[in-house]
Amino acid sequence: MSSWRESIRNVEPYVPGEQPRGASVIKLNTNENPYPPAPGVTRALREMDPDLFRKYPDPSAGMLVDALAERYGLGRDQIFVGVGSDDVLGMAFLTFFNSGRPVLFPDVTYSFYPVWAKLFGIPYETPALDENFCVNPEDYKRDNGGIVLANPNAPTGIRLPLDQVEGIIKANRDSVVIVDEAYIDFGGESAVALIPRYDNLLVVQTFSKSRSMAGMRIGYAMGQRDLVRALHNVKYSYNSYTMNLPSIILGTEAVRDEAYFQETTRRIIRTREEARRRLGDLGFTCTDSCTNFLFISHRRADAARLFEALRADGIYVRYFPALRTKDYLRVTIGTEEEMEIFYKFLASYLDRI
Ligand SMILES: *Cc1c(COP(=O)(O)O)cnc(C)c1O
């Protein structure tokens, strides 16, 4: 064996959902938005002058940061942007979880958290969600090196009420609490309102879901100045130019069109509530999701087999084979037309088994 093999950083990577090729598939597996980005994004893309690409982009992504600062009523020094919220969350793990004490996040949550912890050598513990997949806030009121909560949680879709989020932040003034709000625009109350009161709170959001721009890779964190400064110091020690010019320009356009954002978000929420009814009629149980996906199970239908049957028919959903999630499928809310095809498949599948 060559000796370089012994010096490698061995990690088990996060596995993202499949991105099948071909236009005919119905893609309900990675929580993308079924509607196009705001019209201003398309316009700005058409008008973009490639000559701009000769130069490095603004390392502070000032235009995008200003648009976000205005949208959320924060100072520009309270906002950190990155290449999707995965980049922002990874930077936050690297920056804030350096005490050697275990970081806490639930046993059922975004499966990237343990991957970053292992990559950066951060010890962690995973308090179990209760039998209804709810967080027990008391589990987060003990010695720790930081806390990460996806709210609403994934893949369950369940939210933690803001007063309980605040209780956790308040009980942990000596560690940073990251609230990952990837789905907050589809339901639940944002912790952004708590930022002025807590210097240990970092709220992370993304353009990938509610703003229809997963392919552009834009995410952001919001918090008090000192937290954001610490994040910047780590980022500028690693890569100054994370944000490329098109994502700065097009992301800014997306933030500016609040009306379009509100309209598409409302539409997805409406389709989700209709999906809950229709799936209930077919005998599925759904968790109380306030996101753009449903977490569903069926007494008679084995989830792994249903997942394969859907896939064979060109309908992609997500299946997590871990012990606590193996009886469920996570289904992204698509357009009404896509959902009709999904219900129709399910009805005929249930007739056949
Ligand atoms: C989708 C998702 C992210 C990452 O999204 P980006 O595309 O990297 O912005 C982060 N956290 C949760 C819980 C998600 O579901």
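The values are calculated or read from the model by the stated rules, or taken from the named source; none is laboratory data. Keep in mind the model is a prediction, meaning the values are calculated, not measured. Every residue, glycine as well, gets a Cβ built from its backbone with ideal geometry; the counts of neighbours run over all protein chains shown.
The conditions are (1) within 28 Å of VAL41 (Cα to Cα); (2) polar (S, T, N, Q); (3) not assigned by TED's automatic domain parsing to the domain that holds PHE112, and THR287 fails exactly one of them. Which is it?
(1)
Does any residue in region 175-195 that is under 18 Å from LEU104 (Cα atoms) and in the same structural domain as ILE218 (by TED's automatic domain parsing) come within less than 6 Å, Cβ to Cβ, of a residue that is modelled with pLDDT of 95 or more and aromatic (Phe, Trp, Tyr) six or more places away or on a different chain, and which pairs are these?
Qualifying pairs under 6 Å: VAL176/PHE96.
Could you pull out the residue among PHE345, PHE320 that is within 18 Å of ARG276 (Cα to Cα) and either touching a helix residue (DSSP H, G or I) at 6+ places or on another chain (Cβ under 9 Å) or part of a loop (DSSP other than H, G, I, E, B) (or both)?
Answer to the selection: PHE345.
Run down THR252, THR265 and say which single residue is surrounded by 17 or more Cβ atoms within 10 Å (Cβ to Cβ), under 27 Å from GLU340 (Cα atoms) and not aliphatic (A, V, I, L, M).
Testing whether each residue is surrounded by 17 or more Cβ atoms within 10 Å (Cβ to Cβ), under 27 Å from GLU340 (Cα atoms) and not aliphatic (A, V, I, L, M) leaves just THR265.
I'd like the residue in region 206-242 that is of a type in the set (Val, Ile, Thr) and either within 16 Å of the ligand (Cβ to nearest atom) or out of contact with any Leu (no Cβ under 9 Å at 6 or more places or on another chain) (or both) and, out of all such residues, is nearest to THR332 (Cα to Cα).
THR206
Suppose we keep only residues that are small (Gly, Ala, Ser) and touching a residue at least 24 places away in the same chain (Cβ under 8 Å) within region 301-321. Which one would you say is nearest to ASN29 (Cα to Cα)?
The residue in question is GLY314.
How many residues, within region 293-316, are within 12 Å of ARG330 (Cα to Cα) and in a strand (DSSP E or B)?
The number of residues fulfilling the criteria is 6.
Within region 76-120, count every residue that is assigned to a helix (DSSP H, G or I) and farther than 25 Å from PRO59 by Cβ.
5
Those residues that are in contact with a Phe, Trp or Tyr (Cβ under 8 Å, 6 or more places away or on another chain) and either within 16 Å of the ligand (Cβ to nearest atom) or not in a loop (DSSP other than H, G, I, E, B) (or both), I need them from region 46-63; list them, please.
Matches in region 46-63: none.
Name, by its number, the condition in (1) among the hydrophobic types (A, V, I, L, M, F, W, C); (2) surrounded by fewer than 19 Cβ atoms within 10 Å (Cβ to Cβ); (3) touching a residue at least 40 places away in the same chain (Cβ under 8 Å) that does not hold for ALA171.
Here ALA171 meets the rest and fails (3).
Do any residues in region 224-251 that are closer than 16 Å to ILE79 by Cβ and among the basic types (Lys, Arg) have Cβ atoms under 7 Å from those of residues that are at pLDDT 95 or above and crowded, with 19+ Cβ neighbours inside 10 Å, where the two are at least six apart or on different chains, and which pairs are they?
ARG225/GLN78; LYS235/MET91; LYS235/THR242
Does any residue of region 151-162 turn out to be within 16 Å of the ligand (Cβ to nearest atom), in contact (Cβ under 8 Å) with a residue 24 or more places away in the chain and assigned to a helix (DSSP H, G or I)?
No: region 151-162 contains no residue that is within 16 Å of the ligand (Cβ to nearest atom), in contact (Cβ under 8 Å) with a residue 24 or more places away in the chain and assigned to a helix (DSSP H, G or I).
Filter region 318-338 down to residues that are surrounded by 22 or more Cβ atoms within 10 Å (Cβ to Cβ) and of a type in the set (A, V, I, L, M) and give me whichever is farthest from the chain's Cα centre (by Cα).
Checked region 318-338; the qualifying residue farthest from the chain's Cα centre (by Cα) is LEU329.
Could you figure out which of (1) assigned by TED's automatic domain parsing to the domain that holds LYS118; (2) at pLDDT below 95; (3) of a type in the set (A, V, I, L, M) isn't true of ALA23?
(1)
Within region 214-230, is even one residue closer than 30 Å to GLU18 by Cα, modelled with pLDDT under 95 and surrounded by 20 or more Cβ atoms within 10 Å (Cβ to Cβ)?
no
Looking only at region 194-205, decide whether some residue is in a loop (DSSP other than H, G, I, E, B), more than 19 Å from GLU125 (Cβ to Cβ) and within 14 Å of the ligand (Cβ to nearest atom).
Checked against the condition, which is being in a loop (DSSP other than H, G, I, E, B), more than 19 Å from GLU125 (Cβ to Cβ) and within 14 Å of the ligand (Cβ to nearest atom), region 194-205 yields no hits at all.
Cβ contacts < 6 Å: first residue in contact (Cβ under 8 Å) with a residue 60 or more places away in the chain and over 17 Å from PRO114 (Cβ atoms), restricted to region 78-95; second residue near the ligand (Cβ under 8 Å from one of its atoms) and assigned to a helix (DSSP H, G or I), any location; separation 6+ or different chain. Result?
GLY82/VAL88
For (1) within 22 Å of ASN292 (Cα to Cα); (2) surrounded by fewer than 17 Cβ atoms within 10 Å (Cβ to Cβ); (3) among the acidic types (Asp, Glu), each residue gets a yes or a no:
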site: GLU125; (1), (2), (3): no, yes, yes
site: GLU138; (1), (2), (3): no, yes, yes
site: ARG142; (1), (2), (3): no, yes, no
site: ILE184; (1), (2), (3): yes, no, no
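What number of residues within region 1-45 are more than 16 Å from the ligand (Cβ to nearest atom), exposed (fewer than 15 other Cβ atoms within 10 Å of the Cβ) and part of a loop (DSSP other than H, G, I, E, B)?
Looking only at that region, the number is 13.
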